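J.: One structure, pasted below without further comment.
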Amino acid sequence: MCREVAQASLREGQVRAGSFACATVARWQCPPRGWLKVNVDGARTTASGLAFCGGLGRDEDGQWRFGFSKKIGVCSAFEAEV
């Protein structure tokens, strides 16, 4: 499964996004056996300042184990990311 995740998320060369080409492609890598990898992100709306965060955990086979999302409230973009 991890190989499938990597192949689905990565294409050699350039990836087309709209009308421009993205030269950098992020690559997700499976954690070592017996570990979970947790990826998180935060976002903030410009108009209202409301921020949200979320994340997910995957095992060494790339299988989804848990996920979460939360409304943080009004804060800066930096605080939302942290």
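J.: Taking H as built 1.01 Å from N, whose amide H comes closer than 5 Å to the amide H of LEU50, not counting residues under 5 places away?
T.: Those lying under 5 Å, H to H, from LEU50 are THR45.
J.: Near the amide H of GLU60, under 5 Å away, which other amide H atoms are found, from residues 5 or more places off or on another chain, if H is placed in the peptide plane?
T.: Amide H to amide H, under 5 Å and 5 or more residues apart or across chains, GLU60 pairs with GLY34, TRP35.
J.: Further, regarding this structure: May I ask you to evaluate 6.51 cos²θ - 1.76 cosθ + 1.60, the Karplus curve with θ = phi - 60°, for each residue of segment 40-47 and list the ³J(HN,Hα) values in order in whole Hz, giving x for glycine and proline?
T.: Those phi angles translate into 10, 8, x, 8, 9, 7, 6, 5 Hz.
J.: Something else about it: How far is it, in nm, from the label point at SER69 to the one at ARG33 when both lie 7 Å from their Cα along the line to the Cβ?
T.: Output for this residue pair reads 3.6 nm.
J.: ³J(HN,Hα) across segment 50-59 via Karplus (A = 6.51, B = -1.76, C = 1.60, θ = phi - 60°), whole Hz, x for Gly/Pro?
T.: The phi angles translate into 5, 10, 9, 9, x, x, 8, x, 10, 8 Hz.
Any read-out appearing in this document is the output of simple, stated calculations on the displayed coordinates, not a laboratory observation. Since the structure is predicted, the reported quantities are computational estimates derived from the model, not experimental observations. Here the Cβ is made from the backbone with ideal geometry for all residues, glycine too, and neighbour counts use every protein chain on show.
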